[in-house]
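The values are calculated or read from the model by the stated rules, or taken from the named source; none is laboratory data. Predicted model only: the values in this text are computed from it and were never measured. Methodologically, a virtual Cβ is constructed for each residue, glycine included, from the backbone with ideal geometry; neighbour enumeration extends over all protein chains shown.
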Amino acid sequence: MLNVTLVVLCAGNSTRFEHKTKKQWLRIKDEPLWLNVANRLSSYANFDKVIIVSHKNELNYMKNFSDDFQFVHGGQTRQESIKNALQKVSSEHIMVTDVARSCVPKDVIINLIASKEKASCIVPILKVSDTVVYGEDTINRDEVKLIQTPQLSHTQTLKNALNTDIEYTDDSSAIKAYGGTIEYIKGSIESKKLTFGEELNDIFCLNGPSNNFFTGTGIDIHQFTNDKKMYLGGVEIPCEYGFKAHSDGDVLIHSVIDAILGACGAGDIGEFFPDTDDKYKGADSKLLLKEILTFVYNVGYEIVNIDLTILAQKPKINPHKDEIKSKLSELIGIKKQFINIKATTGEKMGFIGRSEGVAVQSIATLKYYNWKIR
Ligand SMILES: Nc1ccn([C@@H]2O[C@H](COP(=O)(O)OP(=O)(O)OP(=O)(O)O)[C@@H](O)[C@H]2O)c(=O)n1
Ligand SMILES: C[C@](O)(CO)[C@H](O)COP(=O)(O)O
């Protein structure tokens, strides 16, 4: 073993990226970028361990993709994320990389490892050939270094250096401020960081997503109660009953949420909004759907269509179908033509037929966000 742990930082919010999908979740065929980076870098060297630092909302979902890595929660900042990972590192050295640097070549990894005893922190850099102006002054460009990742640090020195309230933008700045030594090696233009949306055009080393479609089903059932208003698909339906539930009881939205989660392999509504959590008591299901959609878009999907069937003896659904479709279209952000609503009674049989409650079955189809054609 190398006595080096690889840490892949994937806990950022991709705020400056400004795409619906976060950088770390762009698909390369069927592989999210974070997994592509982790697999590729770990194939270049025999790391003791590979740690993936994940956004707290995405950690459980990430675990579905690989058993080969250890997953830890990220923090509010890049530095906090590294500190969380450091708690799990026992090797003498640590290599920290940004998932946003998706095309780091093998020779950079090999050179970092070969230099590991030379200083507290080994840093790949690019020199600058353009004229550089700082404020009003043209400065000596030979003195300018563009600092890249991955950086390889002595683990204990990095721990000590980050034991501070000062926020550093990279590991080497913290180690330098702590008094550690730095060794610069040649970086690579291929290690360019993906920060802004338009920089996607510069990523040549990666294929786009596969054209696969993903289908999920959802079923929800709620019993009538006469002390609540009835909501179906975010629309208030005039009826003597509402639905007994921890939330507002919008059985249609709950069923659609489960279908969407099913299509992207993300479990079910209860895993996101436990009915034991007081936070969701009386919750507006439109907001729950909004939260699920943010998650689903963040992790790389788009919604193609939704088809659903409402099983209800009462109320009559037909007069409300169009309004429900319009509301769903507005909430989900797909055209009305991609939403279909069917309704059926229970023919007076069973709990539907006896007008004890309503069930909704939904099917959702999803595809990957195609970042290559934007
Ligand atoms: N709290 C954070 C913030 C950032 N990162 C990671 O640090 C790297 C560099 O950050 P950046 O490229 O700025 O990514 P984001 O923080 O996602 O971008 P933005 O600042 O635009 O939100 C990325 O791999 C990012 O996932 C992290 O693990 N934890
Ligand atoms: C660590 C880094 O990639 C070195 O250039 C850079 O400082 C990260 O900055 P960000 O604002 O967190 O993207």
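ASN60 falls short on exactly one of the conditions (1) over 17 Å from GLU183 (Cα atoms); (2) in a loop (DSSP other than H, G, I, E, B); (3) in contact (Cβ under 8 Å) with a residue 60 or more places away in the chain; (4) more than 15 Å from ligand 1 (Cβ to nearest atom), and that condition is (2). Looking at PHE65, is it aromatic (Phe, Trp, Tyr), within 15 Å of ligand 1 (Cβ to nearest atom) and crowded, with 17+ Cβ neighbours inside 10 Å? No. Within the stretch 7-24, restricting attention to residues that are within 11 Å of ligand 2 (Cβ to nearest atom) and surrounded by fewer than 24 Cβ atoms within 10 Å (Cβ to Cβ), the residue that is nearest to SER90 (Cα to Cα) is GLY12. Summed over the stretch 69-85, the residues that are more than 8 Å from ligand 1 (Cβ to nearest atom), more than 12 Å from LEU9 (Cβ to Cβ) and not in a strand (DSSP E or B) give a count of 1.
Give the stretch 13-27 a look and list any residue that's within 8 Å of the chain's Cα centre (by Cα) and either in a helix (DSSP H, G or I) or not assigned by the TED database to the domain that holds LEU194 (or both), or say none. Passing the criteria: GLN24, TRP25. For first residues located in the stretch 332-357 and assigned by the TED database to the domain that holds VAL304 and at pLDDT 95 or above, partners that are basic (Lys, Arg) and part of a helix (DSSP H, G or I) and lie 6+ apart or on another chain with Cβ distances below 7 Å form the pairs LYS336/LYS325; ILE339/LYS325; ILE341/LYS321; ILE341/LYS325. The set of residues in the stretch 86-114 being among the basic types (Lys, Arg), in a helix (DSSP H, G or I) and surrounded by 18 or more Cβ atoms within 10 Å (Cβ to Cβ) is empty. All of THR169, THR131 fail the test of being near ligand 2 (Cβ under 10 Å from one of its atoms) and at pLDDT 95 or above, apart from THR169. When the strands (runs of 3 or more DSSP E) confined to the stretch 115-173 are screened for residues that are within 29 Å of ASN3 (Cα to Cα) and assigned by the TED database to the domain that holds LYS83, those reaching at least 2 such residues are found at 121-127, 145-147, 151-154.
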